[in-house]
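Structure first, commentary second.
The values are calculated or read from the model by the stated rules, or taken from the named source; none is laboratory data. From a predicted model like this one, the values you see are computed outputs, not experimental measurements. All Cβ positions, glycine included, derive from the backbone under ideal geometry; neighbour counts span all protein chains shown.
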Amino acid sequence: MASPFIIDRSSVTQVMAWVLAALLPGIAVYVWLFGPGILVTLSLATVTALAAEAVMLKARGYPAKPFLMDLSAIVTAWLLALSLPSLAPWWLIVTGTLFAIVVAKHLYGGLGQNIFNPAMVGYAVLIVSFPVQMTQWAGPLELTATPLTLAQSASVIFGGDVPKATLDAVTMATPLDALRTGLLQQHTVDEIMTQSIFGHYGGIGFEWLAGAFLLGGLVLWALRIISWQVPLAFLAGIWLAAGFLHFFDAGRFGAPWFHLFAPSVMLGAFFIATDPVSGATTPRGKLIFGFGAGLLTIIIRTWGGYPDGVAFAILLMNLCVPLIDQYTQPRVYGETKKTRAPPA
Amino acid sequence: MSRELFKFKGGVHPPEHKAESNTRPVHAAPLPKKLVIPLRQHIGNPAKPVVEVGDRVLKGQLIGAADGYISAAVHASSSGIVSAIGPAVVPHVSGLPDECITLSTDGLDEWIVHAPLDYRAMEPSDLRMRLRDLGIAGLGGAVFPSAVKLDPGATHSCPTLILNGGECEPWITCDDVLMRTRADDILQGVAVMRHLLGSTEILIGIEDNKPEAIAAMQAAAQKMDYAIEVVAVPAIYPGGGAKQLIKTLTGREVPSGKLSTDIGIQVFNVGTAYALARAVHHGEPLISRLVTVTGHVLRPQNMEVLIGTPMHTLITLAGDRDGTTGVLMGGPMMGMPMPDLDVPVVKATNCILVKSRDLFPPLPAALPCIRCTRCADACPAELQPQELFRFAKTGDFGRAQEYHLFDCIECGCCSYVCPSHIPLVDFYRYAKSEIWAREKEKRAADLARERHEFRQFRLEREKKEKAEKLAAKAQAKRAELAAAPATEGPAQTDADAKKALIAAALARAQAKKAEVAPKNVDHLPPEKQREIEEIEARRAKIRELARQPLETDEKKS
């Protein structure tokens, strides 16, 4: 072994653990405002992810322990779980997680090799294949008369015998769904915003959830686990694209603040688009990557077939990463025009 | 200190560990019974031995003469008898032996006659040759012959002279201690440098974690009759790297692939300035230096050590302890592991760092790269180490070069911060050595092809010339025959001539074929041969590493 002979004591495990820790405020707010059902989803996704990871590592002939210890599978599981409707059936959660870990991660070569964000691949597969089940969102407790207990949530998720009326009383369209449906019914944005689900900026409860993810993201930035470029450019992309549309026709396009404070944006900006493996690596590349993802999110939300576009936007930008990286190589120390190699 | 400082990108803050060794007074290490003096201690041609086994030599006597312009002489560090001239283990990662002169010391430590140089009265070129013959080379680590660096060239001048007292590597304190205790001498050396380079601006960069050294150097600088600016620079590794120090002090960058002199700046280590002062003012060759002996020893300290002293004697002197896991020459970031503790202290030896499990825990097994770009943030050369790693690992050396592999200074910052604990620098060394090897092969192949093509051309030409000659002869004969009474048909003569021509050509071709094509690796001088072997050994080692960083891990679990 040659120099250097010392390292600072950071590790992949530590990085991933911080990401998980930074998700905790979001999860806490989730439980507080939407009920404890998300805990069931998170646990199921975690168990599935770890099992799938262990099996795949074994199948690929890798030592299980160091790779299970790196916590990256749990990060994927949590990000997927937090993107899924909180009362999604168990098989939906398992399918999505399996797809994320087995196909998007391991079939591409495992940790560090996946060109797409695994959690978003899992999400995309589910929303394309099971659009109906992907709408079982528990509404904010503030608007539900008889919220579900932990046991009841588990029962719903595991397909237990829950009266349809009980379920209908707690599930609700998300603000983005409501906006989309309303616009399709030729209502104006202002009319739609009078619905009870909408709060100050985003949806009731949802805006607080977005705030909690933002807080966690800022912690990650303060710890230099993530760089500032991706989240800032992502949020700027959302704000500018939505603001541009809203400025021209406030009746047909949601306000930029509304778009920013959908929880998927904050989760996407700070936790998903910042995934180093599938994201751009150069400083300028990160800006382009984040901005592109923000822009595409608004385009998909506005003209696409699905209410939210964060997942697809990030996946599309994942595709562009090799190109972005190649054309945004920063100048190196002492580099002159003469020594600069043309991007080949 | 009003000087505006600039920040270079990247860098890391490893624990400094300077206090262990920089508080004890400096003692001269006792004279060992045996001194092993390698002939190659510097960059460039190794010195040529000028003594024979059995000769008695005096302290400071020339025993290996500089060979060519980029070379430096080596001298007897003490008086005694030359007991061997030949390969011995030297401080080198490969563990391969190199040509050395071994002296059995007689304990008299008897100096050869030596006198100061009147450097101001000397021709600059003569002075530089004297310095080369006094063995002066850079003591900061690279050991480049100083005489070459002190030559500003015919048209260049070197307006800025920077003295490097950065000493950014953890654990090492020899420059710190040297500046504290011998500041005046260092500045005497600076005067010689200034004289040779014609510098108008003199800067001394010292990291701000060495306040005593800064104070001592400032006090000494005040006594000089021209301006010398002692500048405290922020302590950050590798702030003492020449390119980084230049950036910090002047805001300028050495263009990629060029030398600092191209932008009018020359950098010397403080130790080199001291050695230069001893050479000029005392006529002493470079036969000793300050060495930090630290780490897992009882009394970490700096010692004045004769070149050629076996390292184990110094470790014993500093108090060796149980649980030693290895010894490095240099610091933990860029130092190299010693294959054997019999290896001698050489001009490049700034530190002997004794490792233990506690101080240097084994590095954890490497995980795959997650492209987090912490390495890019830490890289002082502003490279994209994660990309270089990918290219090196997949053998895409062309792209590695496009991504400026050769601007890598192997400082180790990337490996230091990598959360996946990938030995990144090993991969860059591997890629560099592969590229060198391939270039060498290509050059050899090109040469062979050129030779072959020329041979083909020559054969064609000779054939043509012969044919022309024969044709001319035949013509003459025909004319002769035509003049004489015709007994044979001219057509037959023609055919005969052709036949003879073909036979001759065939015979020639046969003879040429029998000759063996010259091989490029035959008849190489032994040092070239050795260099090739070294490179091959290193490549094999690194290739082993690159093959599968997870292999060891798999075995464990």
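Selection of region B:389-407 for residues being assigned to a loop (DSSP other than H, G, I, E, B) and facing chain A (nearest Cβ under 10 Å) yields B:Tyr403, B:His404. Condition check: more than 28 Å from the chain's Cα centre (by Cα) and either surrounded by fewer than 16 Cβ atoms within 10 Å (Cβ to Cβ) or in a strand (DSSP E or B) (or both). Does B:Met217 satisfy that? So B:Met217 does not fit the description; no. Can you name the residue in region B:1-38 that is surrounded by fewer than 16 Cβ atoms within 10 Å (Cβ to Cβ) and within 14 Å of chain A (Cβ to nearest Cβ) and is also nearest to B:His296 (Cα to Cα) among such residues? Step by step, filter region B:1-38, then rank; the result is B:Pro15. Under 16 Å from the mean Cα position of the chain (by Cα), part of a loop (DSSP other than H, G, I, E, B) and surrounded by fewer than 16 Cβ atoms within 10 Å (Cβ to Cβ), is that true of B:Ala115? It is false that B:Ala115 is under 16 Å from the mean Cα position of the chain (by Cα), part of a loop (DSSP other than H, G, I, E, B) and surrounded by fewer than 16 Cβ atoms within 10 Å (Cβ to Cβ).
Only one of the numbered conditions (1) within 14 Å of chain B (Cβ to nearest Cβ); (2) under 30 Å from A:Gly203 (Cα atoms); (3) among the small types (Gly, Ala, Ser) is violated by A:Ala88, and that is (1). Number of residues in region B:194-213 that are surrounded by 22 or more Cβ atoms within 10 Å (Cβ to Cβ) and at pLDDT 95 or above: the value is 8. The set of residues in region B:431-442 being in contact (Cβ under 8 Å) with a residue 40 or more places away in the chain and either at the interface with another protein chain (Cβ under 7 Å from one of its Cβ atoms) or closer than 21 Å to A:Val332 by Cα (or both) consists of B:Ala431 alone. Taking the stated definitions as given, is A:Ala104 without any contact (Cβ under 8 Å) to a residue 24 or more places away in the chain and surrounded by 18 or more Cβ atoms within 10 Å (Cβ to Cβ)? Judged against the criteria, A:Ala104 is a match. Looking at this structure, is A:Ser227 among the hydroxyl-bearing types (Ser, Thr, Tyr), in a helix (DSSP H, G or I) and touching a residue at least 40 places away in the same chain (Cβ under 8 Å)? No: the conditions fail for A:Ser227.
Filtered by the rule that a residue be in contact with a Cys (Cβ under 8 Å, 6 or more places away or on another chain) and of a type outside the set (Val, Ile, Thr), region B:271-316 gives B:Gly271, B:Arg289, B:Leu290, B:Asn302. When B:Pro423, B:Pro368, B:Pro419 are screened for being buried (at least 18 other Cβ atoms within 10 Å of the Cβ) and under 27 Å from the mean Cα position of the chain (by Cα), only B:Pro423 passes. Against the test of being part of a helix (DSSP H, G or I), in the same structural domain as A:Gln152 (by TED's automatic domain parsing) and surrounded by fewer than 17 Cβ atoms within 10 Å (Cβ to Cβ), the options A:Ala28, A:Ala45, A:Ala22 yield a single qualifying residue, A:Ala28. Name the residues in region B:419-448 that are in contact with a Gly (Cβ under 6 Å, 6 or more places away or on another chain) and in a loop (DSSP other than H, G, I, E, B), would you? Those that are in contact with a Gly (Cβ under 6 Å, 6 or more places away or on another chain) and in a loop (DSSP other than H, G, I, E, B): none in region B:419-448. I'm trying to understand the selection: among the residues of region A:115-149, which are touching a Lys or Arg at 6+ places or on another chain (Cβ under 9 Å) and either of a type in the set (A, V, I, L, M) or at pLDDT below 95 (or both)? Within region A:115-149, just A:Val121 meets the criteria. The residue of region A:289-300 that is nearest to the other protein chains (Cβ to nearest Cβ), among those that are crowded, with 23+ Cβ neighbours inside 10 Å and β-branched (Val, Ile, Thr), is A:Thr297. When we screen B:Leu127, B:Leu139, B:Leu161 for residues that are in a loop (DSSP other than H, G, I, E, B) and surrounded by 18 or more Cβ atoms within 10 Å (Cβ to Cβ), the only hit is B:Leu139.
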